[in-house]
Each structure stands twice: as C-alpha cells, then as structure tokens.
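Participant: First, the structure itself, so that you have it in front of you.
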Amino acid sequence: MLLKEVCVENYTNIPAAIAAGANRIELNDNLSVGGTTVSRGVMAEAAKYTSEHHVPLVTMIRPRGGNFVYNDTELKIMEADLLQAQSLGVDGVAFGALTADNQLDEEALALLIGAAGGMSITFHMAFDAIPENQQAAAIDWLVDHDVDRILTHGGPLDQPIADCVPTCKRRSNRPLAEFRSYLVVALPPPMSPTSPQRSASNRPMGPRLLITKNCQKAHLIFEMRLLLAK
C-alpha cells in the first residue's frame, strides 16, 4: 500500500486534501521557511477534523525557521507544544534538533522524545544536514530512542529532487539490516488538491522520503506530485 501524506499549511487545506485521498496529514505553519508549529486553535480543529475522518495527523514542532540548533528557551517552547499536541489528541509529531556541527543533539532529543508521551515521532528533514557518512549511525540512535520515521529530501531543500535521486538510491539500495529493518518510501510532495505547492523560490516542493519501521522492501517513487494534482 502506498501511503499518501500531504503537508499542509494551517487548517484550510485539510478537508480538500482528505477528500483528494490523503492518508495522513502533516500540519504546519509557515511552509515558506520549511514549516513551524501552528497555533493551539489550529491544532485543535485539525485534530478534531482528522479524527472524525479517520486520517492520522502529524503536527510539526518547530519554534522558528532557520537552522535546527535550539537554545534552552526554544526547547522549553517545543516541550510545551508537544504536551499541548498530546492533550489535543494529535497522533504524531515531527521535530528534529542538531548540534552546531550538524550532529544529533542527543540531550535535546531525549527531552523532546520524553515529552512526546507515546505519540508517533518523525525526525524531520534536519536529517539532511547530517553528513552522509554519519547518517547510518544517526538512524541507529533514533531507532534506539523510539523514533518511528525519518523524512529526507535526499539533499539540500533548494535542490531539485531529480538531483537528489542518486543519494536516495544509495540510501534505499543499502542492505536493510544496516537500517535496522527500516524502509525508505517516497511520499507525495506538499500540495493542494489542485496544484503543487511551491517553495519561496517558486519551485514545486519535491517529494520527501520516509524511513519507517518494520517493512520488508524499499520503494522509490518520484512522480507522486501528479497524484493529487489531477
């Protein structure tokens, strides 16, 4: 089964995305900077609507755009947002935290994972900032700390997905044992039901890959942008 996740900005596009066949919603504010946390009101209404339509909701936990290096105050904000998401019945959360040298910030992540309180956890595309030769070790750490999924573009976010295919293939073609039984799956790009959403540079936002648990084989699908655009 191909899972169709749609990345939306605020509540407005959720009903149309679900009507167009979305199997999961990733909820963001400020997609022009890669997504930040929505307000409590937006999160509450989104959680209610997606629950009524039996579609899982993943909400972004990110206090600002820019890099993924967070100070103590920002981590407190993220922790509070995680507790709020949990109280509102959100199914899953997406976050990431790195050190200044682009390694997993293990101390910060341990705090955030603990605050997630049983919601599914996605490590977002901060993963792409980790040096490629250190990504397998990062995956192992995330597996060991109950992270369910990892999103990756396969390269810098402003790089067309076609240029990222070699990296994506290298990740998917490695023995699955090295990824601790994780599967690499390409997801649809963020889009509305009628046309692809575009980044701040007006380039259609490309597909992301999902690395997820307990799967048997790997797939790469890069034409998903057409699925909900019809």
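The values are calculated or read from the model by the stated rules, or taken from the named source; none is laboratory data. Everything numeric in this text was worked out from a predicted model, so none of it was measured. Every residue, glycine as well, gets a Cβ built from its backbone with ideal geometry; the counts of neighbours run over all protein chains shown. Keep in mind that these areas ignore ligands, DNA and RNA; they rest on the heavy atoms of the full protein, side chains included. Shrake-Rupley method; radii C 1.70, N 1.55, O 1.52, S 1.80 Å.
Participant: If you check VAL8, VAL42, VAL93, VAL69, which single one turns out to be surrounded by 15 or more Cβ atoms within 10 Å (Cβ to Cβ), modelled with pLDDT of 95 or more and assigned to a strand (DSSP E or B)?
Facilitator: After ruling out the rest, the residue left standing is VAL93.
Participant: Given the conditions (1) at pLDDT 95 or above; (2) outside any loop (DSSP other than H, G, I, E, B), report the number of the one that THR122 does not fulfil.
Facilitator: (1)
Participant: Just checking, how many residues over the stretch 128-153 are more than 19 Å from ASN67 (Cβ to Cβ) and assigned to a loop (DSSP other than H, G, I, E, B)?
Facilitator: Qualifying residue count, the stretch 128-153: 4.
Participant: State which residue is farthest from ALA97 (Cα to Cα) when the search covers only the stretch 22-39 and only residues that are open to solvent by less than 20 Å² (accessible area, probe 1.4 Å), part of a loop (DSSP other than H, G, I, E, B) and at pLDDT below 95.
Facilitator: Per the criteria, the residue is ALA22.
Participant: I'd like to know if the stretch 78-87 contains one or more residues that are in a loop (DSSP other than H, G, I, E, B) and not charged (D, E, K, R).
Facilitator: Checked the stretch 78-87: no residue is in a loop (DSSP other than H, G, I, E, B) and not charged (D, E, K, R).
Participant: Return yes or no: is VAL58 surrounded by 22 or more Cβ atoms within 10 Å (Cβ to Cβ) and either under 16 Å from the mean Cα position of the chain (by Cα) or under 16 Å from PHE123 (Cα atoms) (or both)?
Facilitator: yes
Participant: So, of the residues in the stretch 125-173 that are crowded, with 21+ Cβ neighbours inside 10 Å and among the charged types (D, E, K, R), which turns out to be modelled with the lowest pLDDT?
Facilitator: Here the residue is ARG171.
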